[in-house]
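Data block below; observations after.
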Amino acid sequence: MGSEEEPKEGFPKMVNPGKATILALGKAFPHQLVMQEFLVDGYFKNTNCDDPDLRKKLSRLCKTTTVKTRYVVMSEEILKQYPELAIEGLPTVKQRLDICNDAVTEMAVEASRVCIKKWGRPISDLTHLVYVSSSEARLPGGDLYLAKGLGLSPETQRVMLYFMGCSGGAAGLRVAKDIAENNPGSRILLATSETTIIGFKPPSADRPYDLVGAALFGDGAGAMIIGSDPVLSIERPLFELHTAMQNFLPDTEKTIDGKLTEEGISFKLARELPQIIEDNVESFCEKLMATVGLTDKDYNKMFWAVHPGGPAILNRIEKRLDLFPEKLSASRRALMDYGNASSNTIVYVLEYMIEEILKKKQQKKESQEEESEWGLILAFGPGVTFEGILARNLTV
């Protein structure tokens, strides 16, 4: 293994020995596609709600989220089978978990297979599995059912990360990086899978955040293959993961508050969340960048793969760091096409980044600046927790 192999054409950037790299990406979605313009009518019809004020509020939220389309597991067929999901106050956590457990496994298997096919090596070469979800709860966990669904070796070493919310994908990437760099020759499958059925509820004036969730969140799965010292005659490294960091902000644990109850998961997001992220993002980024001598003067020379928690968060980051608008274009595209799909979304952002880079190459556009080599992968979750990885773009 390693750099003595000839690199694949079109990906000439050399990797540093021993450093973890992302070798492939994959995604999958449920079959139900929701167009944002039709969401309000469908949601209120399916929940038998006729409150005009709530309808007006959701209509306004659907416009401000910038989401255009999303995929969801929830369907009219499911509501016909489980009508209690749309009724206020009924204990439905068992029904929800029955649906969610099967759905997240199915999506994770599909995303993983797509990723493994792109990777180009046999599935038997996988040595580790990192599985991330905030949409299921069972024992044994979803990691085992994913391993079984893929036909992984019983000797595959598994790690499961539950209920990390929107930072879960970046957290899983950090864990996979550590495994890859401490186990030479290893290949790690990172899989994320989420569905909003676990928190689906009828609209209520007592739970205003539920309307935000209805307007913003989507379902799906993501997958990555991570390993160090790629075999360059077979594998195509996309990003090198240089330095990873996690940081929680003291006394902010109630800012993103979630509880698993008899009615499913209930979430509350404090209004000050975008401001908290804006106030702390610069110092967090500077710590990561300092490891290779980058400073705030390099912000617009870097690429930015930011989990799109919502347009307000992206706008605040863009403003605080004085980023060019195009720097967050991949994040905004992912939000527009898939909504906030929790831990999965960072996979979609990275895919869009690569797509944009390759499109520029195919068009052979000349620019005054070289394509960004260094960049940051960022996500924010309960805690409030910041997850960040300083990465090198190997596709330039």
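Calculate how steeply helix 36-46 sits against the longest principal axis of the alpha-carbon atoms of the chain, using the helix alpha-carbon long axis, and give the answer as 0 to 90 degrees to the nearest 10.
For 36-46 against the chain, the angle is about 40 degrees.
Which entry is the computed Rg and Dmax of the Cα atoms in Å for this structure: [x] 30.5, 99; [y] 23.9, 92; [z] 20.7, 67?
[z]
Quick check: with the 1.4 Å probe, what order do LEU161, LEU376, LEU358, LEU139 take by accessible area, largest first? Write out the running numbers ahead of the final one.
Working: LEU161 30, LEU376 0, LEU358 50, LEU139 170 Å².
Result of the area sort, largest leading: LEU139, LEU358, LEU161, LEU376.
Could you compute the net charge surrounding LYS63? Neighbours are other residues with a C-beta less than 13 Å from the C-beta of LYS63; K and R count +1, D and E count -1. Walk me through the numbers before you get to the answer.
Details: positive: LYS56, LYS57, ARG60, LYS68; negative: GLU37.
With Lys, Arg at +1 and Asp, Glu at -1, the net is +3.
Just the Kirkwood number for segment 298-396, please: inverse of mean 1/r across all distinct Cα pairs, in Å, one decimal. Provide the component values of the computation, followed by the final result.
Values: mean 1/r = 0.0719 Å⁻¹.
In segment 298-396 this quantity evaluates to 13.9 Å.
Tell me the mean residue ellipticity at 222 nm calculated for the chain from its helices only (DSSP H runs of n ≥ 4, each -39500 (n - 2.57), averaged over every residue, nearest 500).
Details: 11 runs with 148 residues, N = 396.
The per-residue figure over the chain is -12000 deg cm²/dmol.
Students often forget the sequence filter, so: which lysines lie under 19 Å Cα-Cα from LYS63 once same-chain residues fewer than 8 apart are removed?
Once the sequence-local lysines are set aside, nothing remains near LYS63.
For HIS128, HIS242, give me the order by solvent-accessible area with a 1.4 Å probe, most accessible first, ignoring ligands, DNA and RNA. Write out the running numbers ahead of the final one.
Values: HIS128 15, HIS242 40 Å².
The ranking, largest first, comes out as HIS242, HIS128.
Leaving out ligands and nucleic acids, note down the accessible area per residue over the chain with a 1.4 angstrom probe, in whole Å².
45
Working with all protein chains in place, sort SER372, SER124 by solvent-accessible area computed with a 1.4 Å probe, largest first.
Heavy-atom accessible area, descending, gives SER124, SER372.
So which of LYS117/LYS201; LYS118/LYS359; LYS117/LYS319; LYS27/LYS254 end up more than 28 Å apart, counting from Cα to Cα?
On the way: LYS117/LYS201 37 Å; LYS118/LYS359 18 Å; LYS117/LYS319 39 Å; LYS27/LYS254 31 Å.
Beyond 28 Å: LYS117/LYS201; LYS117/LYS319; LYS27/LYS254.
Could you work out what % of the accessible surface of segment 171-299 is carbon and sulfur, using a 1.4 angstrom probe and leaving DNA, RNA and ligands out of the count?
Answer for segment 171-299: carbon and sulfur cover 51 percent of the accessible area.
What are the ³J(HN,Hα) couplings of segment 131-142, residue after residue, when phi is run through the Karplus curve with 6.51, -1.76, 1.60 and θ = phi - 60°? Round to Hz, x for glycine and proline.
Per-residue couplings from phi come out as 10, 10, 6, 10, 10, 8, 7, 6, 9, x, x, x Hz.
Once phi is turned into ³J(HN,Hα) by the Karplus curve 6.51 cos²θ - 1.76 cosθ + 1.60 with θ = phi - 60°, what whole-Hz value does each residue of segment 76-87 show in order, with x for glycine and proline?
With the stated coefficients, segment 76-87 comes to 4, 5, 5, 5, 5, 6, 10, x, 5, 5, 9, 10 Hz.
Provide the solvent-accessible area of MET107, counting protein heavy atoms only and rolling a 1.4 Å probe, rounded to the nearest 10 Å².
10
Expressed as cubic angstrom per residue, what is the convex hull volume of the alpha carbon set of segment 70-114? Don't skip to the answer; put the middle values down first.
On the way: hull volume 3.8 nm³, N = 45.
It is 85 Å³ per residue.
Only Cα pairs within less than 10 Å get springs; with that Gaussian network setup on the chain, which residue of ALA180, ALA330, ALA290 has the largest fluctuation?
Its mean-square fluctuation being the largest, the pick is ALA290.
How much accessible area does ASP229 have with a 1.4 Å probe, in Å² rounded to the nearest 10?
Solvent-accessible area, nearest 10 Å²: 50 Å².
Once you've got the GNM for the chain with C-alpha springs shorter than 10 Å, pick whichever of SER266, SER75, SER135 has the biggest mean-square fluctuation.
The residue with the greatest mean-square fluctuation here is SER75.
Can you give the net charge of the other residues whose Cβ lies under 14 Å from the Cβ of ILE87, counting K and R as +1 and D and E as -1?
Details: positive: LYS80, ARG96, LYS201; negative: GLU84, GLU88, GLU262, GLU263.
It works out to a net charge of -1.
Hey, got a sec? Which trypsin sites (Lys or Arg not before Pro) in segment 266-356 land in a DSSP loop and have at most 16 other Cβ atoms within 10 Å? Please list the in-between numbers first.
Numbers: sites: LYS268, ARG271, LYS287, LYS297, LYS301, ARG316, LYS319, ARG320, LYS327, ARG332, ARG333; in loops: ARG271.
Answer in residue order: ARG271.
On the accessible surface of segment 21-67, probed at 1.4 Å, how many percent belong to carbon and sulfur atoms? List each step's numbers first, then the result.
Numbers: 1410 of 2650 Å².
Here carbon and sulfur together make up 53 percent of the probe-accessible area.
The values are calculated or read from the model by the stated rules, or taken from the named source; none is laboratory data. For clarity, every value in this text was computed on a predicted model and none was experimentally measured. In this analysis, Cβ positions are derived from the backbone assuming ideal geometry, glycine residues included, and neighbour counts consider all displayed protein chains. Side chains included, ligands, DNA and RNA excluded: accessible areas come from the protein's heavy atoms. Shrake-Rupley method; radii C 1.70, N 1.55, O 1.52, S 1.80 Å.
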